[in-house]
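Below is one structure, written out as structure tokens, with a few remarks after it.
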Amino acid sequence: MTRRVVITGIGVRAPGGLGTKAFWELIAAGATATRPISLFDASGFRSQVAGECDFDPDFEGLSPRQQRRLDRATQFSVVCARDAIEDSGLDPGQLDPATLGVTIGSAVGAATSLEREYLVLSDSGRHWVMNEDHLSPHMFDYLVPSAMPREVAWEIGAEGPVTMVSTGCTSGIDAVGYAVDLVRSGTVAAMIAGASDTPVSPIVAACFDAIKATTPRLDEPERASRPFDASRNGFVLAEGAAMFVVEEYEHARKRGAEIYAEVAGYATRCNAYHMTGLRVDGVEMAEAIDVALAQARMRPDELDYVNAHGSGTKQNDRHETAAFKRSLGDHAYRVPVSSIKSMVGHSLGAIGSIEIAASALAITHGVVPPTANLHEPDPECDLDYVPLEAREARLDNVLTVGSGFGGFQSAMALRAVS
Amino acid sequence: MSESAQVVGMGVAAPSGLSVEDHWAAVLAGRTSIGPVTGFDASGYPVRLAGQIRDFDAEAHLPKRLLPQSDRVTRLALVTAATALAGADVADGDLDSFDQGVVFANAQGGSAFTHREFRKLWTKGPAEVSVYESFAWFYAVNTGQVSIRHGMRGPCGALVAEQAGGLDAISLARRRIREGARLMVTGGFDSAFDPWGFLAQSAHGRLSRAADPRRAYRPFDRAVNGYVPGEGGAVLVLEAGSSARRRDAPSHGEIAGHAATFDPRPGSGRPSTLRRAIELAMADAGVSTVDVVFADSAGVPELDRIEAAAIEDVFGRRGVPVTAPKAGFGRLGAGGGPVDVLTALLSIRDSVIPPTPHTTDVPDDYGLDLVLDAPRHQRVETALVLARGYGGFNSALVVRGNAKEGQDG
Amino acid sequence: MSKLTIEELFQALVESAGEAETGVTPSDSLDVPFADIGYDSLALMETAARITQRTGVTVDDQQLIEAETPRQLLDLLNTAMSGQP
């Protein structure tokens, strides 16, 4: 008998209000949290808006030493993991540490700290060969970001499998998928899994400026992220994190845990086409969806909601729409599809986990979060994207998908547990 | 019945050699491939020695369009993957593209490329940053580029767990085979010997500051004083046993078992979990002992002692031959584990255990039968490979030759 | 400012994005789609960015993405250059 895997705890830090409750209230209200970049001086950059978190490490209970040592994305990971554990009611002290693991996804790891330390070591770029006197003792942790899952494992006392999954913008789905595999196979009883990225920094902004992937829109920053809208012209860079307690069903049931949803299916595929480009037919994303649904024993017409990647680039939204039609057939036109990136932006590797959180909360609340800023759909994006306002609906079966550089396409199917 | 993961192709790019046979010859000879770091003036740096690849000519092996968009680490991965796949002899059309995937580990991103782009950004402005920085830097770049070059649309992945990540990646590829993929390209690569990457690697204080390449990295030696970082890695082409049998593909051996554990926070008073990783990996492989252990060999006294104790606990005092060929070429980060797996498969092929260069004086209380000085000729059917990543990551993997069992499906 | 020639455009493409090795020579390429010459949109963006650095000439992002052949890109760049003071 296959072991079932469920989500029993959620911790989120996303733009527009910190904590899982604030996150859900924001997206259920269709409110947006994109704003002019304040984390660095973005004048001179093509794109100058972002989804930023007003993250206060003191308020979050991080020690001075943790604040000094840990990269911002790692700090996000630690506080989200604490929240997820508390939310799940799991007491790690009661578990055999060997049966508890950690998997964290991140696209760019400790990019923020790398850039800060680069400026110190090179004297703002003046020196190619550097002076070791200015070397931070924590620099190795920024170069090699597996410090992120390590820190969470230390925090909760996990001694099972611990790793980082870094598949660019599908990291947040793939990290949870990795954890689900380990729980299902019986390797562990529970995993802390999720993703974190804090890329609102000059070097990452410059990367996306160069390939014109982020929006150059300067007016109306709160309306900058416009997935599926005819006027969309790029995504809005963001930061954030979401962590989960992913647990074997019987284990959760025996301890009387509340269950958000079952992770019923997961698959990832790559397009073998281009590092940044997408084939218009969406065939590889469709393949990932088909495999995830088959694993979940879910028929396409049973889906009640699709949480889209919906980044708001011209090519993504069409690619994804094609993939939904290919996988779901006529049901693609009936099922509500929405992109929360319209509200919280695109936090690269983290967003996949934030979207899993949105999907699980949607099931719990019986509410489909909307696509904000969608006033005039692109004629080539002709599905029901739930414009502007959330909808109440009973959600039993939900699909969430991600797509990213490297050609990676991932899909995860969630099911309500009665 | 679950599929076995057969190794049907392999390639290596390491300081010890750019082909399987060159690497094997260097390793058997116990040759030193460590030297003063080149490419910039490191005379002001505390660490001077590295295991660098000397004669890698990317231009000779890669389409010119790939060069401006790739860091050295990606070029190493691309060239090595092509060699490994050629060895696997998979013809176009043999396998569906959705049945072939790629999983690599990488821990340091595209360091040299990124260093150049950081400098451009901060000295000239954002408009100067290359369009290729958006992916040449990130940890998944090798997976993406290899999948594109070889038209593989199946399950893909990229893991970061410092030195342990390479074995975790091979294990993930094996899991995908068991789920139904027919061919997985896997392994790991790292390279960070630009002035910034090299300095960053030294920040944790575990690198050897010695000046003599023959005395810099002596794992398990009483006089051990750190390790030497290296660059490169290996690619293994895994194929489902049934698929390999159907197309009569010869196998170098099987990825038979794996486990990963994590050490408790320093100061917690709890013991290392390395022993448990070894036991779980052997249980997964269904073996009660192995013929050789390829040790992680951290080169840090406390960590060497922990590893020696774990091996002694499982196999008994001097109960199994142990070796560390990496003493000759350095710790390769994400590439280290895969290179050891490849070397272990060659040990099985040729019935010989390569030596541990440089180490001479192993404390008796380690209880280790460390293969020193010269190769040891003996039958090798199973090998255990250990890799530990900075921070507490333990990964253990068992490979098995298939001389007798053949390729079970 | 003098006009950019097809040879100069090719040189910029090779420097920015690498030689395409498709065997298409500059003189035969004016109306060959970039995809057939071996260059994608990233290659064009990188090349345009480097030309901008050298000459100060900027082209509209959308027009750049829509340029399908060397002739169209040259027209775009040369029109922009002639508009420079």
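Computed from the coordinates by the stated procedures, all read-outs in this text should not be read as laboratory data. Remember, it's a predicted structure, so these values are computed and weren't measured experimentally. A quick note on method: Cβ atoms are made from the backbone with ideal geometry, for glycine too, and the neighbour counts reach across all protein chains shown.
Values for this structure:
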item: Gyration tensor (Cα) of the stretch B:320-394, equivalent ellipsoid semi-axes in angstrom; result: 19, 17, 12
item: Quarter of the Cα convex hull surface for chain A, i.e. its orientation-mean projected area (nm²); result: 19.1 nm²
item: Cut-off under 5 Å, modelled amide H: who pairs with A:Val5 long-range; result: A:Tyr249, A:Val263
item: Hydrodynamic radius (Kirkwood) for chain B, which is based on Cα pairs only, to one decimal in Å; result: 21.0 Å
item: With 10 Å bins from 0: P(r) over the stretch B:113-174, alpha-carbon pairs, percent; result: 19, 36, 27, 15, 2
item: Under 5 Å, built H, 5+ apart or other chain: amide partners of A:Ala50; result: A:Arg35, A:Ile37
item: Cα-centre dipole for the protein assembly as shown with unit charges at Cβ (Lys and Arg positive, Asp and Glu negative), debye to 20; result: 1340 debye
item: All aspartates and glutamates inside 15 Å of A:Lys212 as judged from Cα atoms, apart from same-chain residues fewer than 8 positions distant; result: B:Glu128, B:Glu133, C:Asp40, C:Glu46, C:Asp60, C:Asp61, C:Glu66
item: Sites excluded, GluC sites (Glu not before Pro) in DSSP loops with at most 14 other C-beta within 10 Å, longest stretch of chain A; result: A:1-257
item: Whole-number D in µm² s⁻¹ for the stretch B:5-246, Kirkwood Cα-pair radius fed into Stokes-Einstein, 4 °C, 1.567 mPa s; result: 69 µm²/s
item: Dipole of the stretch B:257-400, positive end: most advanced residue of B:Gly367, B:Val341, B:Thr289 [Cβ charges, Cα centre]; result: B:Val341
item: Kirkwood hydrodynamic radius (C-alpha pairs) into Stokes-Einstein, the stretch A:277-418, 37 °C and 0.692 mPa s, D in µm²/s; result: 223 µm²/s
item: Karplus-derived 3J(HN,Hα), 6.51/-1.76/1.60, for each residue of the stretch C:27-37, Hz, glycine and proline x; result: 5, 8, 9, 3, 10, 8, x, 3, 4, 6, 6
item: DSSP beta bridge pairing in the protein assembly as shown, given as percent antiparallel to the nearest 5; result: 65 percent
item: Descending Cα extents along the principal axes, the stretch B:1-115, whole Å; result: 56, 37, 30
item: Straight-distance crosslink candidates among aspartates and glutamates, where the alpha carbon sits under 13 Å from A:Lys341 and sequence neighbours closer than 8 are dropped; result: A:Glu52, A:Glu222, A:Asp229, A:Glu239, A:Asp317, A:Glu355
item: Farthest toward positive dipole pole in chain B [+1 Lys/Arg, -1 Asp/Glu at C-beta], among B:Gln378, B:Ala211, B:Leu18; result: B:Ala211
item: Qualifying GluC sites (Glu not before Pro) for the stretch C:1-63 [loop in DSSP, other Cβ within 10 Å: at most 11]; result: C:Glu21
item: Dimensionless Rg/Rh of the stretch C:6-82 - Kirkwood Rh, Rg from C-alpha atoms; result: 0.92
item: Over the protein assembly as shown: helical MRE at 222 nm, DSSP H runs n ≥ 4 each giving -39500 (n - 2.57), nearest 500; result: -10000 deg cm²/dmol
item: Those Cys residues of the protein assembly as shown for which no other cysteine Cβ falls under 4.7 Å; result: A:Cys53, A:Cys80, A:Cys169, A:Cys207, A:Cys381
item: For the stretch A:96-107, 3J(HN,Hα) per residue [Karplus equation, 6.51 cos²θ - 1.76 cosθ + 1.60, θ = phi - 60°, Hz, x = Gly/Pro]; result: 5, x, 5, 9, 10, x, 9, 9, 10, x, 7, 7
item: Relative intensity, log₁₀ I(q)/I(0), of the protein assembly as shown from a Debye sum that treats every alpha carbon as a point, q = 0.05, 0.07 Å⁻¹; result: -0.25, -0.51
item: In sequence order, calculated HN-Hα J values of the stretch A:274-282 (Karplus, 6.51, -1.76, 1.60; Hz; x Gly/Pro); result: 7, 5, 10, x, 10, 5, 5, 7, x
item: Cα→Cβ-extended label distance, 7 Å offset, between C:Thr25 and B:Ser2, nm; result: 6.0 nm
item: Extension gain, B:Arg317 back to B:Asp248 (0.36 nm per residue minus Cα-Cα distance, nm); result: 20.7 nm
item: Net charge dipole size for chain A [Lys, Arg +1 and Asp, Glu -1 on Cβ; Debye, nearest 20]; result: 500 debye
item: For the stretch B:241-284 versus the stretch A:325-371, the gap between their alpha-carbon centres in whole angstrom; result: 37 Å
item: Long-range HN-HN contacts of B:Gly188 with modeled amide H, under 5 Å; result: B:Ala105, B:Ala234
item: Value of relative contact order over chain A, rounded to a whole percent, pairs C-alpha under 8 Å and six or more apart; result: 24 percent
item: Unit charges on C-beta of K, R, D, E only; dipole of chain C, Debye; result: 400 debye
item: Cα convex hull of the stretch B:327-368 - mean projected area over all directions, nm²; result: 3.9 nm²
item: Descending principal axes extents, the stretch B:257-400, alpha-carbon based, whole Å; result: 43, 34, 30
item: B:Ser351-A:Ala22 FRET efficiency (beta carbon distance; Förster radius 60 Å; 0.05 resolution); result: 0.40
item: Theoretical FRET efficiency, 1/(1+(r/R0)^6), r = Cβ-Cβ of B:Glu59 and A:Arg68, R0 45 Å, to 0.05; result: 0.55
item: Residue list for the stretch C:26-62, given a label point 7 angstrom along the Cα-to-Cβ vector of C:Gln11 and an amide N cut-off under 14 Å; result: C:26, C:51, C:54-55
item: Pair B:Gln378, B:Thr123: separation of 7 Å Cα→Cβ label points (nm); result: 5.6 nm
item: Charge dipole (the protein assembly as shown, unit charges on Cβ, about Cα centre) - positive-most of C:Phe34, B:His150, A:His127; result: A:His127
item: Residue order, fewest to most beta carbons within 10 Å, for B:Met184, C:Met81; result: C:Met81, B:Met184
item: C-alpha center-to-center spacing [the stretch B:330-350, the stretch C:19-85] in angstrom; result: 46 Å
item: Modelled FRET efficiency - R0 30 Å, B:Glu21 with B:Glu302, Cβ distances, 0.05 increments; result: 0.25
